[in-house]
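The values are calculated or read from the model by the stated rules, or taken from the named source; none is laboratory data. On a predicted model such as this, the values are computed, not experimentally measured, just so you know. Here Cβ is always computed from backbone atoms with ideal geometry, including for glycine, and neighbour counts include all displayed protein chains.
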Amino acid sequence: MNHPRLSGGLGNCEARSVADNIKVKNIYYMLSYAYQTLRETGFDGVGAEDFDNMHDLFAAILIHGVGHQIKRGLYRDYAPLEEPLAGLRGKIRLAESVRRQTPIRRKLVCAYDEFSVDSAHNQILKSTMMLLLLKGDVKPENKKRLRKLLSYFSGVTEIRPALIHADALKYHRNNAAYRMLINICRLIQKGLLLTTETGGHRLAKWLGDEQMHRLYEKFVLAYYQKEHPSYAPRAAHIEWDIADGANREFLPAMKSDITLTRGDRVLIIDTKWHGRTMWTNRQYDNLTFISSHLYQIFAYVKNKDRGGKGNVAGILLYAKTGEAMTPNSDFIMGGNRISLKTLDLDRDWSEIASQLEALCSWLELEQAG
């Protein structure tokens, strides 16, 4: 079955080998779990669309989200202004007035706050839509929709990507709906934006490896939070199983990507987004599992299973690559079940959900003994 995949553009070989095995449409489903707002009313149309590339996907999300926000009204905030005025407003900047010799023109420099749509939130939205419009591979109908939306932002300043500080934004009841849209903008700015040799910008064809790993991890956790809340899914810290009173000062922190719990059973899942899921041992000309990954999940499981009951299991969950052989194994190691599995993101969504469901089937097994 033919379908668009993430391919082309710049990036290292690892990012390409993973991205080549993902349907663009499935990125939307991953986003819809990672950002719950995408499953709410107003984004239904996005889920029904087909996308040729990543740019079109993000354009469609912003078109629906920003369009919905415009109907509700763009968020306004107080913006600090300082300018010469004939009348008094706010605070007078006397030293600045003297420096600029404004009294000669019968004006004084005043500093005041103006309630305006030119807020940082709207500046980020406008700047990101402009990026997609001017630098992205967006189909004509979506470009037309972006231009129409941008007409509502005529009073909003477009800012350079380097000046965008989305982490500093604050959210409250009046602008809570912006949170997901700003997160999408951050994903575009951090994951797709490339600086050219001339200092300009262009957009890569897919998200960077770091952004995709974070999205992949966030998606798997959010999937279980939505579909299996009874398992109390969370990213939990794991304490080292060492003697009381021992010096823990220099021990590294252990934090699982996903921990699922049912009764006295615990399943720890560690997501892996790598260009290679197997290691080639050139000395012996054979393939092996990646040792550091296996040591990591083994450490998580054994330190969590303090009583040695065998009721803690671990899974290394790789995103499928184009390799001929990918992990699909189960072991009993030191009395605990350790699995290495591969999630094929190139399948239809129903099959991906089935793969995720199968991973947690161990939790439903009756405890032996």
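Determine, yes or no, whether residue 138 is within 30 Å of residue 49 (Cα to Cα), β-branched (Val, Ile, Thr) and touching a residue at least 12 places away in the same chain (Cβ under 8 Å).
yes
Which residue, of 149, 131, is closer than 28 Å to residue 46 by Cβ, surrounded by 13 or more Cβ atoms within 10 Å (Cβ to Cβ), assigned by TED's automatic domain parsing to the domain that holds residue 194 and under 23 Å from the mean Cα position of the chain (by Cα)?
Checking each option against the conditions leaves just 131.
Select from region 74-121 the residues that are small (Gly, Ala, Ser) and surrounded by 13 or more Cβ atoms within 10 Å (Cβ to Cβ) and write down the one among them that is nearest to the chain's Cα centre (by Cα).
120
Mind listing whichever residues of region 58-100 are within 19 Å of residue 147 (Cα to Cα) and either part of a loop (DSSP other than H, G, I, E, B) or of a type in the set (S, T, N, Q) (or both)?
69, 73, 74
Applying the selection to region 237-253, what residues are of a type outside the set (D, E, K, R) and under 14 Å from residue 305 (Cα atoms)?
Listed by number, the residues that qualify are 237, 238, 240, 242.
Could you grab me the full set of residues in region 157-176 that are within 15 Å of residue 131 (Cβ to Cβ) and touching a residue at least 40 places away in the same chain (Cβ under 8 Å)?
Selection gives 161, 164, 166.
Among the numbered criteria (1) within 28 Å of the chain's Cα centre (by Cα); (2) part of a strand (DSSP E or B), which single criterion is violated by residue 292?
(2)
For residue 128, which of the numbered conditions (1) over 24 Å from residue 78 (Cβ atoms); (2) of a type in the set (Val, Ile, Thr); (3) not in a loop (DSSP other than H, G, I, E, B) fails to hold?
(1)
Please enumerate the residues belonging to region 144-184 that are part of a loop (DSSP other than H, G, I, E, B) and of a type in the set (A, V, I, L, M, F, W, C).
156, 159, 164, 169, 176, 177
Can you find a residue in region 227-244 that is out of contact with any helix residue (DSSP H, G or I) (no Cβ under 6 Å at 6 or more places or on another chain), at pLDDT below 90, more than 30 Å from residue 59 (Cβ to Cβ) and not polar (S, T, N, Q)?
yes
Within 17 Å of the chain's Cα centre (by Cα), in a helix (DSSP H, G or I) and assigned by TED's automatic domain parsing to the domain that holds residue 327, is that true of residue 187?
Against the criterion (within 17 Å of the chain's Cα centre (by Cα), in a helix (DSSP H, G or I) and assigned by TED's automatic domain parsing to the domain that holds residue 327), residue 187 does not qualify.
I'm trying to understand the selection: among the residues of region 61-84, which are farther than 15 Å from residue 113 by Cβ and among the hydrophobic types (A, V, I, L, M, F, W, C)?
Answer for region 61-84, where residues must be farther than 15 Å from residue 113 by Cβ and among the hydrophobic types (A, V, I, L, M, F, W, C): 61, 62, 63, 66, 70, 74.
What about residue 138, is it assigned to a loop (DSSP other than H, G, I, E, B), under 24 Å from the mean Cα position of the chain (by Cα) and modelled with pLDDT of 90 or more?
Considered against the rule, which asks whether it is assigned to a loop (DSSP other than H, G, I, E, B), under 24 Å from the mean Cα position of the chain (by Cα) and modelled with pLDDT of 90 or more, residue 138 comes out as yes.
Pick out the one residue from 193, 203 that is of a type in the set (A, V, I, L, M, F, W, C), over 19 Å from residue 76 (Cα atoms), surrounded by fewer than 19 Cβ atoms within 10 Å (Cβ to Cβ) and in contact (Cβ under 8 Å) with a residue 40 or more places away in the chain.
193
Could you check how many residues of region 50-78 are farther than 18 Å from residue 134 by Cα, touching a residue at least 24 places away in the same chain (Cβ under 8 Å) and of a type in the set (D, E, K, R)?
Matching residues across region 50-78 total 4.
Quick check on residue 160: is it under 22 Å from residue 190 (Cα atoms), surrounded by fewer than 16 Cβ atoms within 10 Å (Cβ to Cβ), at pLDDT below 90 and not hydroxyl-bearing (Ser, Thr, Tyr)?
Judged against the criteria, residue 160 is a match.
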